[in-house]
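What follows is calculated from the coordinates using simple rules that are stated; it is not laboratory data. Just so you know, these numbers come straight off a predicted model, no measurement behind them.
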Amino acid sequence: MYATPEQFAAANKASVDALFTIAHAQFAAFERLSALNFNTTKAAFEDSVNQAKALLSVKDAQEFVNLTAARLSRPWKKRLPIRAMCTKWRPRPRPKSPSWPKPRLPK
């Protein structure tokens with residue numbers, strides 16, 4: 001049986017449709033990643049500006065120490081907003097290392 005031009009056209013159309021589906025999915029993923037990076041950068045910048053304003057308003061050394069200690073004692077999720085924003089992040093399990101047989105020493 002020989003392939004007809006209609007069969008070639010149908011196969012090419014299916015390939016192009018699959019390519020467009022993959023391209024659309026990749027573009028959507030890139031868009032989500034860009035939004036995540038933008039939001040993280042914005043949050044970090046706002047946090048830095050607020051911290052700088054607080055440090056500039058310090059009147060004595062004890063207030064500076066208290067402000068610095070409060071800043072360092074914040075939870076990690078607040079300090080690293082990308083971890084809190086990325087809801088689908090899951091650490092990959094580490095592969096187990098192969099167990100090699102132990103060499104036997106001659107007696």
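Each eigenvalue of the Cα gyration tensor of segment 5-85, multiplied by 5 and square-rooted, gives one semi-axis; in descending order these are 54, 11, 4 Å.
Across segment 31-45, computed HN-Hα scalar couplings (Karplus, 6.51 cos²θ - 1.76 cosθ + 1.60, θ = phi - 60°) run 5, 5, 5, 5, 5, 5, 5, 5, 5, 5, 5, 4, 5, 5, 5 Hz from first to last residue, x flagging Gly and Pro. With θ taken as phi - 60° and the Karplus curve 6.51 cos²θ - 1.76 cosθ + 1.60 applied, the whole-hertz 3J(HN,Hα) list for segment 4-12 is 9, x, 5, 5, 4, 5, 5, 5, 5 Hz, x standing for glycine and proline.
Stretching the chain fully between Glu6 and Ser48 yields a gain of 8.9 nm (0.36 nm per residue, less the alpha carbon separation).
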